[in-house]
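**Q** Pasting a structure below so you can have a look.
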Amino acid sequence: MDDPQAPPIGIRGTVIGVDDTASILVRWDNGSGLNVVYGEDECRKVGE
């Protein structure tokens, strides 16, 4: 993420939704609530 408040690389979180711009709404394990922006940020699904 290109944001000064971005969670650290490698942190995990829980997807809580997707908004109308296709951004992924995430509750990060460190308490952050910054969304993953479609086409700008990278994320991947990890095991259940």
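The values are calculated or read from the model by the stated rules, or taken from the named source; none is laboratory data. As the structure is a prediction and not an experimental result, all values here were calculated from the model. The area values use the complete protein model at the heavy-atom level, side chains included, leaving out ligands, DNA and RNA. Shrake-Rupley method; radii C 1.70, N 1.55, O 1.52, S 1.80 Å.
**Q** With volume of the Cα convex hull per residue in Å³ in mind, check (i) 80; (ii) 69; (iii) 110 and report the label derived from this structure.
**A** Computing volume of the Cα convex hull per residue in Å³ and matching it to (i) 80; (ii) 69; (iii) 110 gives (i).
**Q** List every residue whose amide H lies under 5 Å from the amide H of residue 18, counting only residues 5 or more places away in sequence or on a different chain, with H placed 1.01 Å from N in the peptide plane.
**A** Amide H neighbours of residue 18: 25.
**Q** For the chain, what % of the accessible area comes from carbon and sulfur atoms, probe 1.4 Å?
**A** Values: 1960 of 4080 Å².
Carbon and sulfur atoms account for 48 percent of the accessible area of the chain.
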